[in-house]
Amino acid sequence: MIRITFFFLLLSASRFLFAQSTSIDQQKEPKITIEHPTYDFGEILQGDKVEHTFKFTNTGSAPLVITNVQVTCGCTTPKGWPRDPIEVGEKVELTIAFNSAGKMGRQNKVVTIVSNAPGANTITFSATVLEKTIAKN
């Protein structure tokens, strides 16, 4: 009987210790802090190719790993996103290129940074695409 009681006490204590270590591990997370998460290119002509560099920092407590950068259409291309882990406090850049060929009017695009950081991490940009007029001689 004493052995059974001791076994259950030991089992309960180990569950308590394991639960504490799990909660401590959960507190160590990376966090993306984007300096300016939105950008407006203003008015551009149809067919123009423009780029903007977004800067962000890992303000969490664990290394940040970006596994993908998702765009909403083929007109948007992510460039230069870091493939190596981003250490705590490290600042990095992500360049987004936008090709306005075939676009017209107001364009609002969302780019999603897929990583080990919790929550949705998105950046957005916009532009007003004007018709390109052909000058006649």
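Yes or no: the stretch 112-121 includes at least one residue that is without any contact (Cβ under 8 Å) to a residue 40 or more places away in the chain, surrounded by 12 or more Cβ atoms within 10 Å (Cβ to Cβ) and within 30 Å of Glu29 (Cα to Cα). Walk me through it before giving the result.
Of the residues in the stretch 112-121, the ones without any contact (Cβ under 8 Å) to a residue 40 or more places away in the chain are 119-120.
Among the residues that remain, those that are also surrounded by 12 or more Cβ atoms within 10 Å (Cβ to Cβ) are: none.
Checked against the condition, which is being without any contact (Cβ under 8 Å) to a residue 40 or more places away in the chain, surrounded by 12 or more Cβ atoms within 10 Å (Cβ to Cβ) and within 30 Å of Glu29 (Cα to Cα), the stretch 112-121 yields no hits at all.
Any residue at all in the stretch 90-97 that is within 10 Å of the chain's Cα centre (by Cα) and closer than 30 Å to Gln27 by Cβ?
We begin by selecting, within the stretch 90-97, every residue within 10 Å of the chain's Cα centre (by Cα); these are 94.
Restricting the remaining residues to those that are closer than 30 Å to Gln27 by Cβ gives 94.
Yes, there is a match, as at least one residue in the stretch 90-97 is within 10 Å of the chain's Cα centre (by Cα) and closer than 30 Å to Gln27 by Cβ.
Which of the residues belonging to the stretch 46-89 are assigned to a loop (DSSP other than H, G, I, E, B), within 19 Å of His36 (Cα to Cα) and either modelled with pLDDT under 95 or among the acidic types (Asp, Glu) (or both)?
Gly80, Trp81, Pro82
Can you spot a residue in the stretch 20-28 that is surrounded by 11 or more Cβ atoms within 10 Å (Cβ to Cβ) and modelled with pLDDT of 95 or more? Working first, answer last.
Residues of the stretch 20-28 surrounded by 11 or more Cβ atoms within 10 Å (Cβ to Cβ): 28.
Keeping just the survivors that are modelled with pLDDT of 95 or more gives none.
Checked the stretch 20-28: no residue is surrounded by 11 or more Cβ atoms within 10 Å (Cβ to Cβ) and modelled with pLDDT of 95 or more.
Considering the stretch 90-137 alone, what residues qualify as being in the same structural domain as Thr72 (by TED's automatic domain parsing), small (Gly, Ala, Ser) and part of a loop (DSSP other than H, G, I, E, B)?
Within the stretch 90-137, Ser100, Ala101, Gly102, Ala117, Gly119, Ala120 qualify.
The values are calculated or read from the model by the stated rules, or taken from the named source; none is laboratory data. None of these values were measured; they are calculated from a predicted model. Ideal geometry is used to build each Cβ from the backbone, glycine not excepted, and the neighbour counts take in all protein chains shown.
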